[in-house]
Amino acid sequence: MPYLSKDERREAILQAAMRVALSEGLAAMTVRRIAAEAGVAAGQVHHHFASGGELKSLAFVRLIRELLDAEVAGENASWRERLHAMLGSDDGGFEPYIRLWREAQILASRDPEIKGAYVLTMEMWHQETVAIINAGTAAGAFTLSD
C-alpha cells in the first residue's frame, strides 16, 4: 500500500471493513480479515482503532448511512414513492444492507458496541422516515384519512 497519512490509512481500513461487512457479514469482520482486505498488517488496524468492535460498529453505521442517503426513488418521485422506498426496495438492491441490519439486531444482544450502533442506525432510519412523512404531509400528499 502506498504512503498514506494517518487519516487516509484509517479511512482505507474503514472502507475495507465496510467491504467485508457487505460481502461476508459482521461475523466475518475479524481484524485479520479486515487487515487482509485493506492490505495492511493487523497491527495497523489496532493502531487506528481502539478495538475490532469499534471498527465493526463504525463500518456498520457508515454503511447504513450510505443506505439512507441513497437516492432510490429519484428526485422527481412523489412523497408516497419516497416513503415506499424508505420502507423497502422492490428491486432487492438493498438486500446486503438489510441482511447486515438483521445480523446486527441478533448480535446486539451480546455485543454492546454493536447494540449501540444498531440503536443509532434505527434512530437514523426513524428520523429519515419521519422527515419524509412530515414533508409529504406539508405538501398535501398525506392526510389523516390515508
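The values are calculated or read from the model by the stated rules, or taken from the named source; none is laboratory data. Note that the coordinates shown come from a computational prediction; the quantities given were computed from them, not determined experimentally. Note that we place each Cβ from the backbone using ideal geometry, even for glycine, and neighbour counts take in every protein chain shown.
What's the total number of residues in the stretch 1-58 that are without any contact (Cβ under 8 Å) to a residue 40 or more places away in the chain and of a type in the set (A, V, I, L, M, F, W, C)? Let's see the steps before the verdict.
In the first step, residues of the stretch 1-58 are kept if they are without any contact (Cβ under 8 Å) to a residue 40 or more places away in the chain; the result is 1-5, 7-12, 15-16, 19-20, 24, 28-47, 49-50, 52.
Pick out the ones that are also of a type in the set (A, V, I, L, M, F, W, C) and you get 1, 4, 12, 16, 20, 28-29, 31, 34-36, 38, 40-42, 45, 49-50.
Qualifying residue count for the region: 18.
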> Assuming Q44 fulfils every condition listed in (1) under 19 Å from the mean Cα position of the chain (by Cα); (2) under 25 Å from Q15 (Cα atoms); (3) modelled with pLDDT under 95 apart from one, which condition is it?
Replying inline: (1)
>> Please verify whether E75 is out of contact with any helix residue (DSSP H, G or I) (no Cβ under 6 Å at 6 or more places or on another chain), within 23 Å of Q127 (Cβ to Cβ) and not aliphatic (A, V, I, L, M), treating the condition exactly as stated.
In response: yes
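Is it fair to say R99 is more than 26 Å from E24 (Cα to Cα) and not acidic (D, E)?
no
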> Got at least one residue in the stretch 110-127 being exposed (fewer than 14 other Cβ atoms within 10 Å of the Cβ) and of a type in the set (K, R)?
Replying inline: yes
>> Being modelled with pLDDT of 85 or more and either closer than 23 Å to E11 by Cα or under 12 Å from the mean Cα position of the chain (by Cα) (or both) narrows it down to one residue among A70, A131, A117, A135; which is it?
In response: A117
>> I need the full set of residues from the stretch 28-75 which are over 25 Å from I98 (Cα atoms) and of a type in the set (S, T, N, Q), in order please.
In response: Q44
